[in-house]
Amino acid sequence: MKSFRDKRRDNRPQHARPEQVRLRDAFAAGRQQAAPAERRETRPADRQDVKPAPRVLARREGTLPAERLPLILEVAPNADYALLDSGAGEKLEQYGPYRIVRPEGQAIWQRALPAKDWERADAVFTGDTDEEGIGRWRFPKTPLGETWPMKHDGIDYLGRFTSFRHVGVFPEQASHWDHMADLIAAAKRPVKVLNLFGYTGLASLVAARAGAEVTHVDASKKAIGWARENQEMAGLGDKPIRWIVEDAVKFAEREERRGSRYDIVLFDPPAYGRGPKGEVWQLFEDLPGLTDLCRSILTPKPLAVVLTAYSIRASFFAIHALMRDTFAGMGGTVESGELIIREKSAGRALSTSLFSRWVA
């Protein structure tokens, strides 16, 4: 379900930056970390940061949407993905055929599985343990290539070992993907989906398979290339997906001017990001304008708008209030809470992000 971005989350690549990155609210460290050099755009010394003029906002009139909170959306272990264990600042995951160990700042508890289970890992992220620190993968058994085959609910795609610890998919987003697919199927009509900060495209592939016409936007040319590769891997090459390399905000602004409209909008902005032309994104400053933009490009009979927020020092109540205010007069319901992954070993819940979604 990561245009400035990174995503994320342990987690995620960001919007409006060529090599998407995301800052995390490193709970244990208590400070934000700088993005890795390789995911950061090289900036000429004479280039100035560009801060677009802020969108002029006015409070929307009308009754606030109904609300449902807190809503905890959970991903349980399955044949495609499982959080096997966590603790001592790390997590042990199963991605298809491989066991992977990665840093996890929120895992401040003790491991439930014995050391021998962790030592069976096929890949271990090493080096800088900061959220966005440069690092590398160590392969204790057999050296592995950059990619390996994966599945999500029958959709084939490629997992990837990257130097910024991500693996090309964020499994906690599966709850949003399933919900979106259900909305598309139940609509019984053509549905247009806009996926901003789309990263490697799993959400776009789920929407396309469900029958939607999809526009996928990401500022990273490399991420778009990965997403196209995943489309072919999934056997969905004939599905209507537009792949757009562009800053998410600028693209949405152009769609507003052109009168282009969507039934479902997904957006997953970063805490901080920099665009391909030096555009600077700060979540708390810029999220209200982007949220307003997302409302403005909805069709007359929209289905949903889904906001996911990683790496921020805030409660989901903050983005919940923003979404209710933005969608005043639209009816429907705003549902907000957290995305979690349920651990297999001891059943603990690992929170990955906050979310808020308006549903017609």
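In region 318-360, what residues are over 25 Å from residue 286 (Cα atoms), surrounded by fewer than 23 Cβ atoms within 10 Å (Cβ to Cβ) and hydrophobic (A, V, I, L, M, F, W, C)?
Once the filter is applied, which keeps residues that are over 25 Å from residue 286 (Cα atoms), surrounded by fewer than 23 Cβ atoms within 10 Å (Cβ to Cβ) and hydrophobic (A, V, I, L, M, F, W, C), region 318-360 yields 340, 346, 349, 350.
Please find, within region 285-337, the residue that is farthest from residue 66 (Cα to Cα) out of those that are among the aromatic types (Phe, Trp, Tyr) and in a helix (DSSP H, G or I). Please lay out each step first, then the result.
Step one: of region 285-337, the residues among the aromatic types (Phe, Trp, Tyr) are 310, 316-317, 327.
Next, from what is left, pick out any that are in a helix (DSSP H, G or I): 316-317.
Working: 316: 16, 317: 14 Å.
Ranking the candidates gives 316 first.
Give region 291-315 a look and list any residue that's hydrophobic (A, V, I, L, M, F, W, C) and surrounded by fewer than 20 Cβ atoms within 10 Å (Cβ to Cβ), or say none.
Listed by number, the list holds a single entry, 314.
Scan region 55-101 for residues that are polar (S, T, N, Q) and under 30 Å from residue 359 (Cβ atoms) and report the count.
The total comes to 2.
Kindly state which helices (runs of 4 or more DSSP H) lie completely within region 150-269 and contain at least 2 residues that are at pLDDT below 95.
Qualifying helices (runs of 4 or more DSSP H): 221-233, 248-258.
Results for (1) over 27 Å from residue 254 (Cβ atoms); (2) within 16 Å of the chain's Cα centre (by Cα); (3) buried (at least 19 other Cβ atoms within 10 Å of the Cβ), shown as yes or no for each residue.
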{"site": "146", "(1), (2), (3)": "yes, no, no"}
{"site": "154", "(1), (2), (3)": "yes, no, no"}
{"site": "184", "(1), (2), (3)": "no, no, yes"}
{"site": "188", "(1), (2), (3)": "yes, no, no"}
{"site": "192", "(1), (2), (3)": "no, no, yes"}
{"site": "199", "(1), (2), (3)": "no, yes, yes"}
{"site": "202", "(1), (2), (3)": "no, yes, yes"}
{"site": "206", "(1), (2), (3)": "no, yes, yes"}
{"site": "218", "(1), (2), (3)": "no, yes, yes"}
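Taking residue 347 and the conditions (1) modelled with pLDDT under 95; (2) in a loop (DSSP other than H, G, I, E, B), which numbered condition does it fall short on, given that it satisfies the others?
All conditions pass for residue 347, except number (1).
Output the residues belonging to region 207-221 that are out of contact with any strand residue (DSSP E or B) (no Cβ under 7 Å at 6 or more places or on another chain) and within 15 Å of residue 186 (Cα to Cα).
210, 211
Here are 107, 174: which of them is under 18 Å from residue 310 (Cα atoms), out of contact with any Ser or Thr (no Cβ under 9 Å at 6 or more places or on another chain) and buried (at least 21 other Cβ atoms within 10 Å of the Cβ)? Walk me through it before giving the result.
Details: 107 fails: out of contact with any Ser or Thr (no Cβ under 9 Å at 6 or more places or on another chain).
Every option except 174 fails the conditions.
Give region 81-104 a look and list any residue that's surrounded by 18 or more Cβ atoms within 10 Å (Cβ to Cβ) and over 11 Å from residue 123 (Cα atoms), or say none.
81, 82, 83, 84, 85, 86, 87, 90, 91, 103, 104, listed by residue number.
Take the conditions in contact with a Gly (Cβ under 6 Å, 6 or more places away or on another chain), in the same structural domain as residue 246 (by TED's automatic domain parsing) and more than 16 Å from residue 263 (Cβ to Cβ) and apply them to residue 227. Does it pass?
Yes, satisfied.
Which one is modelled with the lowest pLDDT among residues in region 273-290 that are crowded, with 24+ Cβ neighbours inside 10 Å and closer than 19 Å to residue 354 by Cβ?
273
The values are calculated or read from the model by the stated rules, or taken from the named source; none is laboratory data. Note that the coordinates shown come from a computational prediction; the quantities given were computed from them, not determined experimentally. Backbone-built Cβ (ideal geometry, glycine too); neighbour counts: all protein chains shown.
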